[in-house]
1. How high is the relative contact order of region A:42-104? Use alpha-carbon pairs under 8 Å, at least six apart in sequence, and give a whole percent.
2. Give the total of Lys-Lys pairs in region A:511-695 with Cα-Cα distances below 16 Å; include a pair only if its members are 8 or more places apart or on different chains.
3. If R0 is 30 Å, what FRET efficiency do you get for A:Asn668 and A:Val274 from their C-beta distance, rounded to 0.05?
4. Could you sort A:His277, A:His55 by their accessible area in this structure, using a 1.4 Å probe and putting the largest first?
5. Between A:Val138 and A:Leu257, 0.36 nm times their residue separation minus their Cα-Cα distance comes to what?
6. DSSP loop (so not H, G, I, E, B), at most 14 other Cβ within 10 Å: list which trypsin sites (Lys or Arg not before Pro) in region A:57-126 pass both filters.
7. Probe radius 1.4 Å, ligands and nucleic acids left out: can you give me the accessible area buried at the A-B interface, summed over both chains, in Å² to the nearest hundred?
8. Ignoring ligands, DNA and RNA, please state the percent of accessible area on chain A from carbon and sulfur, probe 1.4 Å.
Amino acid sequence: MSKSLNIALLGNPNTGKTSLFNSLTGLSQKVGNYPGITVEKKEGICMLNRTTKGHIIDLPGTYSLNASSIDESVVIETLLNKTGKDFPDVSVVVTDVENLKRNLLLFTQVKDLGIPTLLVINMADQMKRKGISLDIPVLEKALDTKIALISTRDNKGLEVFKETILNYRKFSTDPSISIETIDKEYFQNLGKAFPNQSIYKLWLVVTQDVNFIKIDRKRVSDATDFKTVTPSYLKRLQQKETIKRYQFINNVLKQGLKVDRESATDLRSRFDRVLIHKFWGYIIFFIILATIFQSIFDWSSIPMDFIDSTFANLSETLKNKLPRGVFTSLLTEGIIPGLGGIVIFIPQIAFLFLFISILEETGYMSRVVFLMDRGLRKFGLSGKSVIPLISGTACAIPAVMATRNIENWKERLITILVTPFTTCSARLPVYAILISLVIPEGSFFGLNYKGLMLMTLYLIGFGMALFAAWILSKTLSIKSKSYFVVELPNYKIPLLKNVGITVWEKTRTFVTEAGKIILAISILLWILASYGPGRNFNEADQIVLQNYPELNQEEMEIKVNSYKLENSYIGILGKTLEPLISPLGYDWKIGIALISSFAAREVFVGTLATIYSVENDVEDTIKNKMASEVRANGEPLFNLASGISLMLFYAFAMQCMSTLAIVKKETNSWKWPTIQLFGMTILAYIIAFLTYQFLA
Amino acid sequence: MDWIQTILVIVSAIGALMFLLRKFIFKKQNSKNNNCDEDCGCH
């Protein structure tokens, strides 16, 4: 009479588990569903020898026993339900030789359930090409298990596999790690509350709410001693468990796995040899970056100009068509320019995410993260922080959104907080006009001072981001253990659909989320700039006429607008602010520009243009006006001291409402944007103050 | 017609102010039982 063994095939997706199932069972397969759910259940029969047949169940692919989907929970149900007809006599965990580290996580979890477990290492035929060598006896000893090295592609190793599995009673069932050491008190209480049960099984039941073990609580005398904990605490314990398992796996692989990339001959290894090379890897990365940002600015300029002119025309058309009045002014001077200020950034954001998405889809981004991790980690950041920090040079909003792929909360928070230090494109107009005003002509080793100043400002921004990250990593008390597990995926041609969806989603989020906030602020800013209290505002026409009777009609209109702005609510605010900002070398007009540019930094130039009563698109004129502005003592307002002070203020200050809004959205708290706002502004104030006082 | 325009401006201002207040200050709090803290990855 033949014996029958239940054999459960487990493994991460794409490890060749189903290929092994097909090789073993041939045509003796049955495909159905697990009871009550539409998860495919595949089972088949395989003769292990003349007298023993294996009833093989091909369980759905899963990365771990921490289930997050129905098909993953099927795996746990099968492994926990001892009375179930599919409960395995022996488990077989199929792994891929190339991704052994990640695959072994599941193996250690299955083994810890006390089920005899065989480790199958598949794709042995790829080892030579990929420069991989395994010391099987060492691995067997370190993992305390039996290993079958197979190749489902070549049908090699299957006979040895069958022979090994027949000896399953000799397999060790000792756990790989001691789960109790993660939190002694909690697991002791758990053990006391439910005696005679495997602690690890109980742990899986508790964490996954899968109660397949019938426990009679009445028999438990000291069940009241068991203190339940919050789900978030359980989540932290799960993370600790994962870290502990990876520590164990790392130690095992150090002993039994060697990867010699130099001797690998496959295409991926050839690419990797260059792309993650200690020197060439960085060079190629910076060339790609330079190309991307050049393209972003070049390709964006045409659609941005088009959007800009469309909104300007719309504003002009409505101004002419609609009846004159305050709402028409609000619409044409507040709402439409406000909307334009959002829509104009769509091309940059779309192009940025197009490139990021393509780099991710091709598998290159994982290589960048791998390259950068070591350097950034010294500053408390993650390798993945490089993407937001780079994106921040275009705009901090998508950059902050790009932090979502940083799993470690502390590293993600630090990245969010420091990203606005990197020089965004909105700072460029401010820098450009101030540099042209205060930096003298001349060159240093062939590089002109103006260009050097601009480059220095970019470097200062990036340097401050790293320095702030280092400070935050030392001061933030968030406990968040970090482990760097990055899988280098195979290179592939990006799927147009995936790229399109990413670009659409990111752009839509920007327009709908940040856009609503910018629109509301634009309305309020317009009102504050268009209304003012008292005679000075309401009778501005007569006052200007009295004081400047020699002006023609056009000059008079400009002067009245300027006088009204000075006495508007925002003008009064600027005057109120003046004592605070005068130690930095600024007057009240700059104060207004500082306030209005809080909506967006580039508004600074436009605000000054309005204040100085000139057309804001005639740069020479605003430049000349700014150059001719003098203080009460006759000294020019914009000199080296005040100009550099102002540039450094913009380099460090949190002058962007929409960035604050997105930080609020991403951190789900007002605490962090508030800290960011005050921290950065105070820092900017101190540096600008010291700069002005030192240079003046 | 001026009074209509004035009313529209007032409505826009109130709308903008209400939107910002509701968005940032009087935001509906998340449920305390949402199993979420700083490590849950839901931010």
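1. Values: 50 pairs, mean separation 11.8, N = 63.
The normalised contact order for region A:42-104 reaches 19 percent.
2. Step by step, the pairs that qualify in region A:511-695 add up to 9.
3. 0.15
4. Values: A:His277 75, A:His55 35 Å².
Sorted by accessible area, descending: A:His277, A:His55.
5. 41.9 nm
6. On the way: sites: A:Lys82, A:Lys85, A:Lys101, A:Arg102, A:Lys111; in loops: A:Lys82, A:Lys85.
The qualifying sites are A:Lys82, A:Lys85.
7. When A and B are taken together, about 2400 Å² of accessible area is lost.
8. Values: 19470 of 33340 Å².
That fraction is 58 percent.
The values are calculated or read from the model by the stated rules, or taken from the named source; none is laboratory data. Not measured: the values here are computed from a predicted model. No Cβ is skipped: glycine too gets one built from the backbone with ideal geometry, and neighbour counts run over all protein chains shown. These accessible areas exclude ligands, DNA and RNA; they are computed on the full protein's heavy atoms, side chains included. Shrake-Rupley method; radii C 1.70, N 1.55, O 1.52, S 1.80 Å.
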